[in-house]
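J.: The structure's right below; bear with me while I get my questions together.
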Amino acid sequence: MISVGIDLAGLEKNKTGFCILRNRTVETFIVHTDDEIVENVKKIKPDVVGVDAPLIYPPKIRKCDRLLKKYGAMPPTMKSMGVLSKRGFFLAKRLKDFNVIEVFPTGSAKILGIYSRDIEVMKNGLLNFGLVFKNSISTKDEVDALLAALTGLLHLHELTEDVGDKEGVVTCPKANLLF
C-alpha cells in the first residue's frame with residue numbers, strides 16, 4: 001500500500017512537505033508548486049493522498065473545524081487559512097482521480113500520543129510505528145507530511161474515523177488505537 005502525505009503551504013513560493021509512505025518505508029522532500037505535487041502524485045499512483053489543508057472554497061467554519069479546535073485546528077475563515085483553503089480546494093480538484101482525504105497532522109499526532117513541538121521528539125515517536133526512514137527529515141513540513149501519510153495509511157487499514165458532516169470531514173486516527 002502507498003500513502004502520500006502533503007503538508008500544503010498556502011502559497012506556492014513557500015515549502016510544501018511531501019511524503020511517500022510505501023508500507024512502512026518513508027521518503028520525504030519539499031515541493032513548491034501545484035504542478036510539482038500533481039506530477040509526483042501521478043507518478044507514484046498512491047492508494048490514498050492525505051492533504052493537510054481545508055479542502056473547501058469559499059472557506060467557512062464547518063463542524064469538523066469546531067470539533068478539532070481542541071487539538072489546535074485553525075478556522076478556515078482566518079485570512080492565512082482562507083488562502084490555504086483555496087489552494088487545497090483547487091489542488092483536490094486536480095487530484096480528483098485519486099482517493100484524496102483531508103487530514104490534520106497535529107491532531108493525528110496528539111491522538112496517537114506522539115505530539116511535541118520538537119521535531120526530533122516527533123520523529124522518535126514515529127519510529128514506534130516501525131517506520132524506516134529512506135532519508136533524513138529536517139523540517140516540520142516533512143514531519144507533518146509524514147503524519148498526513150501515516151493518517152492515510154491508517155485510513156487504508158480502517159483505523160481512522162471521519163470527524164465532521166456533509167459540509168466537510170477530516171480523517172483522524174481512531175482515538176482508541178493501541179500499538
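Every number in this text was worked out from the coordinates using simple rules, so none of it is lab data. Everything numeric in this text was worked out from a predicted model, so none of it was measured. Counting neighbours? That spans all protein chains shown, and the Cβs are built from the backbone with ideal geometry, glycine included.
J.: Compare the Cα positions of 89, 75, 148 along the charge dipole of the chain (+1 at Cβ of Lys, Arg; -1 at Cβ of Asp, Glu; about the Cα centre) and return the one farthest towards the positive end.
T.: Going by the Cα projections, it comes out as 75.
J.: Taking K and R as +1 and D and E as -1, what net charge do the other residues with C-beta under 14 Å from the C-beta of residue 138 add up to?
T.: Summing Lys and Arg as +1 and Asp and Glu as -1 gives -3.
J.: Can you name the helices of the chain, as whole DSSP H runs, whose Cα span along the helix axis is 20 Å or more and whose Kyte-Doolittle mean is not below 0.5?
T.: Passing helices, by number: 140-156.
J.: Sticking with this one: Among 118, 65, 144, whose mean-square fluctuation peaks in a Gaussian network model of the chain (Cα, cutoff 10 Å)?
T.: 118
J.: By DSSP, what percent of the beta bridges with both residues in the chain are antiparallel, rounded to the nearest 5?
T.: Taking every DSSP beta bridge within the chain, about 65 percent pair in antiparallel fashion.
J.: Sum -39500 (n - 2.57) across every DSSP H segment of at least 4 residues in the chain, then divide by the residue count to get the 222 nm mean residue ellipticity, nearest 500.
T.: About -11500 deg cm²/dmol.
J.: Whole Å is fine, so just give me how far the alpha carbon centre of segment 149-171 lies from that of segment 105-128.
T.: Using only Cα atoms, the two centres lie 18 Å from each other.
J.: In addition: Give the shape of segment 32-85 as rounded, prolate or oblate, defined through the alpha-carbon gyration tensor: a ≥ b ≥ c are the square roots of its eigenvalues, a/c under 1.5 means rounded, and otherwise the shape is prolate if a/b is larger than b/c and oblate if not.
T.: Because a/c hits 1.5 or more and a/b exceeds b/c, segment 32-85 counts as prolate.
J.: Under the definition of Cα pairs under 8 Å and six or more residues apart, what whole-number percent is the relative contact order of the chain?
T.: This gives 31 percent for the chain.
J.: Further, regarding this structure: For a quick check, take a GNM of the chain with Cα springs below 10 Å and name the residue from 112, 67, 154 with the largest mean-square fluctuation.
T.: 67
J.: So which residue, out of 38, 100, 143, gets the largest mean-square fluctuation from a GNM of the chain using Cα contacts under 10 Å as springs?
T.: Judging by the Gaussian network model, the answer is 38.
J.: About its Cα centre, what dipole magnitude does the chain give when the only charges are +1 on Lys and Arg Cβ and -1 on Asp and Glu Cβ, stated in debye to the nearest 20?
T.: 360
J.: Further question on the same structure: Where the convex hull is taken over the Cα atoms of segment 2-173, what is its projected area averaged over directions, in nm²?
T.: Value for segment 2-173: 8.7 nm².
J.: Here's a follow-up. Do any trypsin sites (Lys or Arg not before Pro) in segment 1-40 lie in a loop, going by DSSP, with at most 10 other beta-carbon atoms within 10 Å of their beta carbon, and if so which?
T.: 13
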